[in-house]
1. Please indicate, with yes or no, whether at least one residue in the range 262-277 is at pLDDT below 95, exposed (fewer than 14 other Cβ atoms within 10 Å of the Cβ) and in a loop (DSSP other than H, G, I, E, B).
2. Looking only at the range 223-242, count how many residues are more than 24 Å from the chain's Cα centre (by Cα) and either more than 30 Å from Glu175 (Cβ to Cβ) or surrounded by fewer than 14 Cβ atoms within 10 Å (Cβ to Cβ) (or both).
3. Suppose we keep only residues that are under 18 Å from Leu135 (Cβ atoms) and of a type in the set (Val, Ile, Thr) within the range 262-292. Which one would you say is nearest to the chain's Cα centre (by Cα)?
4. Suppose we filter the range 338-366 for residues that are farther than 20 Å from Ile417 by Cβ and touching a Lys or Arg at 6+ places or on another chain (Cβ under 9 Å); how many remain?
5. Would you check if Ser159 is closer than 30 Å to Phe298 by Cβ, among the polar types (S, T, N, Q) and touching a strand residue (DSSP E or B) at 6+ places or on another chain (Cβ under 6 Å)?
6. Looking only at strands (runs of 3 or more DSSP E) that lie completely in the range 338-444, which have at least 1 residues being without any contact (Cβ under 8 Å) to a residue 60 or more places away in the chain and among the hydroxyl-bearing types (Ser, Thr, Tyr)?
7. For Glu124, state whether it is without any contact (Cβ under 8 Å) to a residue 40 or more places away in the chain, over 18 Å from Gly341 (Cα atoms) and surrounded by fewer than 18 Cβ atoms within 10 Å (Cβ to Cβ).
Amino acid sequence: MKKLLLVLFILFFLPLSVQAKAVKGGISSVVKTSGVNQNRIYVSIKDVETGKVVYSKNDDKLVNPASVQKLLTIIPIVETLGEDYEFSTELYSRGEDSYVLKLGADPYLSSKDLKAIVKNIPVETNRVYIDDSILDNKLWGNGWQEEDLWDIYTPPFGSYNLDKNLMKLTIMPSERGQNALIINPTGYPFVFRNNVITSDTTDVLIEKDNAISENILVLTGTVSHPVVKTFPVINLKKYFNFQLKKALENRKVYLKEAFVQDRLKPSDEFVYKYTHSIDRAVDDVLKNSNNLVAETLFKLAGGKYCNSVSGSDVCGIKMFNEYCKRNNLNNSEYKVVDGSGVSKDDYVTANFVTDFLIVNKNNPIIEKLAAPGEGTLSGRLLPIKDSMRAKTGTHSDISSLAGFLTSKSGKKYAFCIINNDMKFSESDRKSLEDYIIREAYLRL
């Protein structure tokens, strides 16, 4: 199987005129001879103008779409929030010595940005209130967050988003046979169990010890040279408050009491805001498949759709279902749990994906999809970089690819390929996707 896919991969990079003569059979032949389990690959290819199916394989079967789901959710998200939407962290004054920080769940907010915000808080300030109502801040029940809270690609998210919700530790070798040195650049109060030994090899593992406390980290392994380990922030609120306190104290603002949660009041006066545009977020979601951004947007849009104070995944699902209803898209069997497709409880059909794409063939967001050589398509499908835009998906034993292809003949097609054959490696699954697209480009 691997030898066959290697041959297909090499053939893809031959001049297209040579390929057309050397390769016999069409898409069906490629799928049948690839060695893939014929019940584990799901394909739908349709003519964009007529909607006619030109090739299908198990296209009516429900399957996890992986991050192709981001393509389905980002369009109703932008429609709901608006193309001019901004993530906005706002500062208001309350009386003579108090301020309110209204959070915007900005996935791009950094500790450096906090310093810029608190420059607008006078030294004599005694209290800072925090309005975190923009999201419901439920850690569990968000679909994907039930999977793995220790994966840096799916970190927890909420109103208190800061520094991409990731932290870093540097592990430094000391004398051979002795414990390594641990450098915590943020100073966040962790308790470390340091079982890393200085050696000739480097293999460091960081784990949590939730049995005792969420702030206990256990480091094991060996280290021969400095290594930086990245891991998700364990408690978003505590981390945010820690960095905010540092920013205030750097400005010599010492509060009389700890941060207090409170809603913004009509009498509070606007002082300052720090923003990031939705354009950056859409690019990040479609080209880089950023889970944190996708999930935050899904909840924020849900909140606006439900006209709710706090955004939630439940409202995000309602928003998506209503979008499908308005556009005559039958999603009666499609199950959406989150905004990214990371949850194993998400299900879709390849047929639904291509129907969705055809409905949105003129949507300007489509232009933000990655072309070959960009983002998650880096190094893939380069010979047809001007003829395709698509969204990739990779999750567990699933690989997917969906988007638009203009064939060599000039016709435009919507396509969706999902492969969850577990005997295929990730690279093999993606090679097969690429070869199916190559065949479609040449023969349709």
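The values are calculated or read from the model by the stated rules, or taken from the named source; none is laboratory data. Everything numeric here is computed off the predicted structure, so don't read it as measured data. Here the Cβ is made from the backbone with ideal geometry for all residues, glycine too, and neighbour counts use every protein chain on show.
1. no
2. The number of residues fulfilling the criteria is 4.
3. Only one residue fits best here, namely Val285.
4. Matching residues across the range 338-366 total 2.
5. Yes, satisfied.
6. Answer list for the range 338-444: 398-406.
7. yes
To keep it simple, each residue is scored yes or no on (1) hydrophobic (A, V, I, L, M, F, W, C); (2) under 20 Å from the mean Cα position of the chain (by Cα); (3) at positive phi; (4) assigned to a loop (DSSP other than H, G, I, E, B).
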| site | (1), (2), (3), (4) |
| --- | --- |
| Ser29 | no, no, no, no |
| Val36 | yes, no, no, yes |
| Asn39 | no, no, no, yes |
| Thr50 | no, no, no, yes |
| Ala66 | yes, yes, yes, yes |
| Ile74 | yes, yes, no, no |
